[in-house]
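Here is the structure we will look at, set down as structure tokens.
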Amino acid sequence: LPAIKPLAKDLAAYDLVIFGTPIWGSRMSSPLRTAIADNKPKIKKYAFYCTAGDANQEKAIADIGGLIGQAPVAVLTLQSSEVDGENDTPQVSKFLDSLPK
């Protein structure tokens, strides 16, 4: 696990935390792994989104669930080709709509 700066916010103060990461070698990024490992007891519920060069993202989704010890309330996976940085995609809207209110 790489060293990272402490998070600016206390995750215990939130009912839902949304994690995002690129997929590196079929895994979540190592800085995210450190952030989760350091704050695991504070995570009540979480959602997760990721981007990857291909559609093989299941291992990363399983990794984060295993690390946190619970399933996410929502998951969004996007291939790099689906992300243009300017426009919302139907998948993003569906992900946001599925989050607990």
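For the chain, the share of accessible area belonging to carbon and sulfur comes to 54 percent (1.4 Å probe, ligands and nucleic acids excluded). What angle, in degrees between 0 and 90 and rounded to the nearest 10, separates the Cα long axis of helix 58-68 from the longest principal axis of the Cα atoms of the chain? Tilt of helix 58-68: around 20 degrees.
Label separation (Lys9 vs Lys59): 3.1 nm, computed from points 7 Å beyond Cα along the C-beta direction. In summary, the convex hull built on the alpha carbon positions of the chain has an orientation-averaged projected area of 6.8 nm². In the chain, the DSSP beta bridges split such that about 15 percent are antiparallel, to the nearest 5.
In the chain, Cα pairs under 8 Å separated by at least six residues give a relative contact order of 26 percent.
Taking a 1.4 Å probe, which of Ser29, Ser93, Ser80 shows the most accessible area, and what order do the others take after it? Write down the numbers at each step before the final one.
Working: Ser29 10, Ser93 40, Ser80 65 Å².
Per-residue accessible area, sorted high to low, gives Ser80, Ser93, Ser29.
Looking at the chain, the accessible area is 61 square angstrom per residue; that uses a 1.4 Å probe and ignores ligands, DNA and RNA. For the range 6-61, evaluate the Debye formula with one uniform point scatterer on each Cα (no solvent term) and list log10 I(q)/I(0) at q = 0.21, 0.26, 0.30, 0.31 Å⁻¹, rounded to two decimals. Results for the range 6-61 at q = 0.21, 0.26, 0.30, 0.31 Å⁻¹ read -0.80, -1.07, -1.25, -1.30. Segment Lys101..Gln79, full-extension length gain: 5.2 nm, with 0.36 nm per residue of separation and the alpha-carbon distance subtracted. Per-residue Karplus couplings for the range 21-38, computed as 6.51 cos²θ - 1.76 cosθ + 1.60 with θ equal to phi - 60°, are listed in order as 7, x, 9, 10, x, 6, 10, 5, 5, 5, x, 5, 4, 5, 4, 5, 4, 6 Hz, Gly and Pro entered as x. In this structure, the amide hydrogen of Ala74, modeled 1.01 Å from its nitrogen in the peptide plane, lies closer than 5 angstrom to those of Phe48, counting only residues at least 5 positions away or on a different chain.
The values are calculated or read from the model by the stated rules, or taken from the named source; none is laboratory data. Quick caveat, the model's predicted, so the values are computed rather than measured. Neighbour counts are summed over all protein chains in view; Cβ atoms, including those assigned to glycine, are modelled from backbone coordinates with ideal geometry. For the accessible areas, the whole protein counts, side chains as well, though only heavy atoms, and no ligand, DNA or RNA atoms are used. Shrake-Rupley method; radii C 1.70, N 1.55, O 1.52, S 1.80 Å.
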